[in-house]
Amino acid sequence: MIQKLISALILIPLAILFVVFAVANRQTVVVSFDPFDQLQPMLSVAMPLFALILLLAVGGVVVGGVAAWLGQGKWRWRARHFEAEARTLRGELEALRRHGPPIERRSIIDAPRLTIPPPAA
């Protein structure tokens, strides 16, 4: 319930801000991908300014997400590797428990206590 309230308190002002931004920046801009001819570009797109900025922001989020995902690949591989190793070791432990001698379980209370000798004077 609190999470929905906090989300609403954040998302509603952001939505209002986006609508105000879109209304204030409706003018059309020409985006050209031809660096050699500015008067008659070979490849150009006319779009509202707010759409261009929104497209660039979404593209930045996607590129950042892909970069983060690729950067974490080593950790995902390690997690898979160690999970498979743990699964194998659990299987071996179950096999030993079924077919081996019973394992003596000792309580922590029964364990010998370590003491620190007093300093020599």
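Assorted remarks:
- Taking the listed residues 5, 17, the one that is part of a helix (DSSP H, G or I), surrounded by 10 or more Cβ atoms within 10 Å (Cβ to Cβ) and out of contact with any helix residue (DSSP H, G or I) (no Cβ under 9 Å at 6 or more places or on another chain) is 17, with no other qualifying.
- Number of the exception - residue 116 against (1) of a type outside the set (Gly, Ala, Ser); (2) at pLDDT below 90; (3) closer than 30 Å to residue 25 by Cα: (3)
- Failed condition for residue 47, given (1) surrounded by fewer than 11 Cβ atoms within 10 Å (Cβ to Cβ); (2) not in a helix (DSSP H, G or I): (1)
- Tally, over segment 50-89, of residues that are in a helix (DSSP H, G or I) and among the polar types (S, T, N, Q): 1
- Yes/no for residue 78 being at pLDDT below 75, among the charged types (D, E, K, R) and out of contact with any Cys (no Cβ under 7 Å at 6 or more places or on another chain): no
The values are calculated or read from the model by the stated rules, or taken from the named source; none is laboratory data. Bear in mind the structure is a predicted one, so any value in this text is a computation, not a measurement. Reconstructed Cβ throughout: ideal geometry from the backbone, glycine too, with neighbour counts over all protein chains shown.
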